[in-house]
Amino acid sequence: MSGNLRAWQRAALDKFLVEKPRDFLAVATPGAGKTTFALRVATELKASRTVDRIIVVVPTEHLKTQWSMAAARVGLSLDPEFKNSGSVNPAYDGICVTYAQVSMHPFKHYQVTMARKSLVILDEIHHGGDAKSWGEGISQAYRDAEHRLALTGTPFRSDDSPIPFVRYTEDDHGHMVSRSDHTYGYSEALADGVVRPVVFLAYSGEARWRDSAGEEYAARLGEPLNAEQTAKAWRTALDPKGDWIPSVLSAAHTRLMQLRQNIPDAGGLVIASDTKT
């Protein structure tokens, strides 16, 4: 039943299949295999005829295709091209839609859900709070679904607008925090070799800039500065046309080459405000 799964996936799957709750929230660190787990739940429920339709809700358009391709690898056909103006193609086991798509026509998606016994997989459920209409949309569309499986990479707070189908408990600071049915954290994934350690190195440097009056300023990154100086120093340092970014990238490259002497497939990641930068 639970072969070819990681230990956390087997444990979560067994718990789900034993209890078969209407709502189940799985919290697993990015890269741990939430998609694989959810699709295994889907195949098990469909094989036992507990559900007849699989509905996957995702935050972005490109994820619809990713989920459809992943589902195909385990024998499920999910239509990533379903439109609110159309109908469900009976040749498919289900559909992939976005939160925004559901919010635009929740009653349509309610009808789709109620037409067959449905498992609704809510990927990155915390996005249900990105817009009020998204939360309201999934609440209306999936309120009577046979089963709802919510996925997220980290526990999340919802102080103002609780996300539908998620239970909350109050933490030590009085904040309402999501309560999961199964959690697989970063430290566990690291110990299991599922993810790799992430190393953050600090780099300093001096930033120089001129104000509108032509006066020159200098500040060393990391040293105490007031808010205005800090903002200007970082804006200067992070200018891709300046000298600091190339020097940091060069230092990072050198460090990566050193790591690859012992870990040949070590990798690096650059996070920027946009892909053009």
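Ellipsoid semi-axes for the chain, based on the Cα gyration tensor and the rule √(5λ), read 43, 23, 19 Å when sorted largest first. Once the Cα atoms are used to define both axes, helix 132-142 deviates from the longest principal axis of the chain by about 20 degrees. Between LYS117 and GLU19, the contour length at 0.36 nm per residue exceeds the alpha carbon distance by 33.5 nm. Within a straight-line Cα-Cα reach of under 15 Å, LYS15 can be paired with the following aspartates and glutamates, leaving aside sequence neighbours fewer than 8 residues apart in one chain: ASP23, GLU44, ASP181.
Counting charges near ASP52 (Lys, Arg +1; Asp, Glu -1) among other residues having Cβ under 10 Å from its Cβ returns a value of +3. Other residues whose C-beta falls under 10 angstrom from the C-beta of PRO80 contribute a net charge of -2, scoring Lys and Arg +1 and Asp and Glu -1. By definition, a body whose alpha carbon gyration tensor gives a ≥ b ≥ c is prolate when a/c is 1.5 or more and a/b is larger than b/c, and the range 116-253 fits this prolate description.
Once you order the gyration tensor axes a ≥ b ≥ c over the Cα atoms, which shape class does the range 11-151 get: rounded for a/c under 1.5, otherwise prolate or oblate by comparing a/b with b/c?
Numbers: a/c = 1.33, a/b = 1.19, b/c = 1.12.
Here the range 11-151 falls in the rounded category.
Peptides 25-33, 58-66 ranked from most to least packed, by the mean per-residue count of other Cβ atoms within 10 Å: 25-33, 58-66. Length gained on full extension, THR275 to TRP234, computed as 0.36 nm times the residue gap minus the Cα-Cα distance: 12.9 nm. Residue-wise, which Karplus ³J(HN,Hα) couplings in Hz belong to the range 259-269, taking 6.51 cos²θ - 1.76 cosθ + 1.60, θ = phi - 60°, and x for glycine or proline? Whole-Hz 3J(HN,Hα) from phi for the range 259-269: 4, 5, 5, 10, 10, x, 9, 4, x, x, 9. Taking a ≥ b ≥ c as the square roots of the eigenvalues of the Cα gyration tensor of the range 12-67, is the shape rounded (a/c under 1.5), prolate (a/b larger than b/c) or oblate? Cα axes put the range 12-67 in the oblate bin.
Roughly how tilted is helix 61-73, in degrees to the nearest 10 and between 0 and 90, from the longest Cα axis of the chain? Relative to the chain, helix 61-73 is tipped by roughly 60 degrees.
Binning all Cα-Cα separations of the range 136-190 at 10 Å, short to long from zero, yields these whole-percent fractions: 20, 46, 28, 6. Take each peptide in 234-244, 132-142, 253-263, count the other Cβ atoms within 10 Å of every residue, and average; sorted highest first, the result is 132-142, 234-244, 253-263.
When +1 charges are put on Lys and Arg Cβ atoms and -1 charges on Asp and Glu Cβ atoms, the dipole computed for the chain relative to its Cα centre reaches about 940 debye.
In this structure, the amide hydrogen of VAL194, modeled 1.01 Å from its nitrogen in the peptide plane, lies closer than 5 angstrom to no residue at least 5 positions away or on a different chain.
No value in this document is a laboratory result; all are computed from the given coordinates. Here the structure is a predicted model, which means the values were calculated and not measured. Note: ideal-geometry Cβ built from the backbone for every residue, glycine included; neighbour counts use all protein chains shown.
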